[in-house]
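Below: the structure, in structure tokens.
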Amino acid sequence: MRKVLALAPYESLGEQFSRAAESYAGSFSLDVRVLNLQEAGDYIAAAGLSAYDAIISRGGTASLLKKTASLPVVEVEVSVYDMLRVIKLAEQYGGPFAIIGFENVTRVAKTVCDILAYSIPIYQIQSEAEAETVLRSLPASGTLVVGDVITSNTAKSLGISSILITSGTESVEKALGDCASLFSNFTLLQGSASLYKSALENDPDIVLLLREDGTRLYQNRELPPQQQKSLMALAEKMLPEISGPSLRLIRRRDFMQYDVCAARHFQSGVPFYSLHIRLSPLPKKEAPAALRVLQVPPDFSPPGLLPGSSKIRPLLAQADQIPSHAPLLLSGAMGTGKDDFAQYIHAHGPQASSSFLQVDCASLTEKSLAGLIDDINSPLHAAGCTLYFRGLHLLSFPAQQRLEEYARQTLLCRRHRVLSSSWGDLPRLLAQGAFSPQLYEMFCGFDLCLPSLAERREDIRSICSLLLNECNRELGRQVTGFQPEAFRLLEAFPWPGNLRQLRRTVHSLVLSAQGSYISAGAVRSVLQEQPRFSPDGGIDLSKTLEEMEKEILSLVLRQEDMNQSRAAKRLGISRSTLWRKLSP
């Protein structure tokens, strides 16, 4: 049977505990101790809490135990009736009185005074020492003190008259009922947890929970040492790529294929990751890591794609008119939302129920493309999916030729809906002979150019509101909105990084918000930390060579979504060199 420690700061409360506990004899046993705050601390330090499953107390003792005890603390709350009783008693004193206590006392006192329009001085304290300070500051004209045991005892030691706020029977019975409910719910949770644990332990796949730093929280079953080591190394590398509620990744390592369904979650604002991993022998031809299979929800509607926007609405209408068998190129500056636009087209098109296959051209070499094409299990050989080539201009010329040959021979654009994106100057590359005309003609039949954020400043306020809501959900925050001046600052900023930069900025503002509204000062502080670009969008040439080098490296890294491998490859340096050059 579960055992509860009841700490009563005064004798009659202990008696109330004992009487009320008779009704819960079948649920738990109650060990009643009449101790003040100091005595309660000494008792717990000497006897420990290992014999108990919960603690019941009230007032300052409960408040302090909630911060320090390792067990659940059920508080005997000061009810409105308790406060009304003691105020009515104090009124009969015939002189001025004040209410002093911890937050659990002052909160109820303020509620009663607000409802009844009472003008009673109320002082909130955090400790016994603070109680003495407040009591000494009271007028020396016979003010009566109303408070909990700590306040009352301190007042008596200073020669000040006091009335103790006592708990009524209904408050005590409610606390014991809460304790019984706690144990009942805990028993149900234990049963559910046991059921889930049994199901997970019998799952043939690997279920892995990780903290943000890669530390393992849970794994349903262990693998052989070498395979376990490979799994943890692979999981740690994948964490930076997991940013949303659902992501599927396929990775190969040590002759095994890891088919991973991953998600990022938050608990009390702290992020953690879940990975459901299916292991299978590696196919004869290894497909590149550049291929990602994303699960796009049918109601996908990212904040940057406002259907009511005068700049976005025509683009959505044009996209809707383009036949699904016609390839489409999404162009525009870096960070304008091309990836989101591609997923939106998929989610609202005839391929919505099929897979969204994203090929990262920055990571796609001629060799890795050959592996993807020659692999008999490659999803490229299927039909009816949306195939999105991200950063088409980043393909090497040999890879362009290989892709064009495969697409032509296998009728790729008829089997899949083919979308591409580019933030480079494809016409210039064509003119220079650096891009295949055949591939351009095949993949770029229609071109939609997404506007920069500077071209749609009228949308910034709406986008920020949607991003705020998104960040509140992801981070577990309750930020209400932006102050008017904060909006004006955001609307005036040049946003060289476009939507991607705005998203990161709002994320930082929500994460660091101190109140219900994001202030202009907070926005100004965050914007000052943004990289300084010259008016034409280049690098500030007034800086030193070393500063300009770091700015270029940081810019490329942000453009590659903080993926160090892709950024290093694009810059033609190793990851270690990139890390060293960016280090302070």
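The values are calculated or read from the model by the stated rules, or taken from the named source; none is laboratory data. Note that the coordinates shown come from a computational prediction; the quantities given were computed from them, not determined experimentally. Heads up, the Cβs are rebuilt from the backbone with ideal geometry, glycines too, and the neighbour counts pull from every protein chain shown. For accessibility, only protein heavy atoms count, side chains too; no ligands or nucleic acids. Shrake-Rupley method; radii C 1.70, N 1.55, O 1.52, S 1.80 Å.
Checking each residue in region 532-581 for being within 29 Å of the chain's Cα centre (by Cα), at pLDDT below 75 and open to solvent by less than 30 Å² (accessible area, probe 1.4 Å) picks out Glu551, Leu557, Glu560.
Of the residues Ser243, Ser198, which is part of a helix (DSSP H, G or I) and open to solvent by 50 Å² or more (accessible area, probe 1.4 Å)?
Details: Ser243 fails: part of a helix (DSSP H, G or I).
So the residue among Ser243, Ser198 that is part of a helix (DSSP H, G or I) and open to solvent by 50 Å² or more (accessible area, probe 1.4 Å) is Ser198.
Just wondering, is there one or more residues in region 360-375 that are charged (D, E, K, R), assigned to a loop (DSSP other than H, G, I, E, B) and either touching a His at 6+ places or on another chain (Cβ under 9 Å) or open to solvent by less than 40 Å² (accessible area, probe 1.4 Å) (or both)?
Going residue by residue through region 360-375, those that are charged (D, E, K, R) are 360, 366-367, 374-375.
Filter again for assigned to a loop (DSSP other than H, G, I, E, B), leaving 375.
Pick out the ones that are also either touching a His at 6+ places or on another chain (Cβ under 9 Å) or open to solvent by less than 40 Å² (accessible area, probe 1.4 Å) (or both) and you get 375.
Within region 360-375 (the criterion being charged (D, E, K, R), assigned to a loop (DSSP other than H, G, I, E, B) and either touching a His at 6+ places or on another chain (Cβ under 9 Å) or open to solvent by less than 40 Å² (accessible area, probe 1.4 Å) (or both)), the answer is yes, since at least one residue qualifies.
Within region 133-150, if we keep just the residues that are modelled with pLDDT under 90 and assigned to a helix (DSSP H, G or I), the residue that is surrounded by the most Cβ atoms within 10 Å (Cβ to Cβ) turns out to be Ile150.
Do any helices (runs of 4 or more DSSP H) lying entirely in region 391-481 carry at least 2 residues that are within 28 Å of the chain's Cα centre (by Cα) and in contact (Cβ under 8 Å) with a residue 12 or more places away in the chain, and which ones are they? It would help to see each step written out before you state the result.
On the way: elements: 397-410, 412-415, 426-431, 437-443, 460-475.
By residue number, 460-475.
Restricting attention to region 2-22 and to residues that are hydroxyl-bearing (Ser, Thr, Tyr) and modelled with pLDDT under 90, the residue that is most open to solvent (accessible area, probe 1.4 Å) turns out to be Ser12.
Only one residue in Leu316, Leu306 is within 15 Å of Leu502 (Cβ to Cβ) and of a type in the set (A, V, I, L, M, F, W, C), so which one is that? Break it down into steps so the answer makes sense when it comes.
Details: Leu316 fails: within 15 Å of Leu502 (Cβ to Cβ).
Exactly one residue qualifies, and that residue is Leu306.
Thr169: loosely packed, with under 12 Cβ neighbours inside 10 Å, within 27 Å of the chain's Cα centre (by Cα) and β-branched (Val, Ile, Thr), yes or no? Considered against the rule, which asks whether it is loosely packed, with under 12 Cβ neighbours inside 10 Å, within 27 Å of the chain's Cα centre (by Cα) and β-branched (Val, Ile, Thr), Thr169 comes out as no.
Looking at Arg278, Arg221, Arg211 in this structure, which one is closer than 30 Å to Arg477 by Cα and either open to solvent by 70 Å² or more (accessible area, probe 1.4 Å) or touching a Lys or Arg at 6+ places or on another chain (Cβ under 8 Å) (or both)? Sole residue among the options that is closer than 30 Å to Arg477 by Cα and either open to solvent by 70 Å² or more (accessible area, probe 1.4 Å) or touching a Lys or Arg at 6+ places or on another chain (Cβ under 8 Å) (or both): Arg211.
Rundown of residues vs (1) in contact with a His (Cβ under 6 Å, 6 or more places away or on another chain); (2) of a type in the set (A, V, I, L, M, F, W, C); (3) exposed (fewer than 15 other Cβ atoms within 10 Å of the Cβ), yes/no style:
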{"position": "His265", "(1), (2), (3)": "no, no, yes"}
{"position": "Ser274", "(1), (2), (3)": "no, no, no"}
{"position": "Pro298", "(1), (2), (3)": "no, no, yes"}
{"position": "Pro314", "(1), (2), (3)": "no, no, yes"}
{"position": "Pro323", "(1), (2), (3)": "no, no, yes"}
{"position": "Pro327", "(1), (2), (3)": "no, no, no"}
{"position": "Ala333", "(1), (2), (3)": "no, yes, no"}
{"position": "Gly349", "(1), (2), (3)": "no, no, no"}
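Quick check on Gln501: is it under 22 Å from the mean Cα position of the chain (by Cα) and not in a helix (DSSP H, G or I)? Spelling it out, it is not the case that Gln501 is under 22 Å from the mean Cα position of the chain (by Cα) and not in a helix (DSSP H, G or I).
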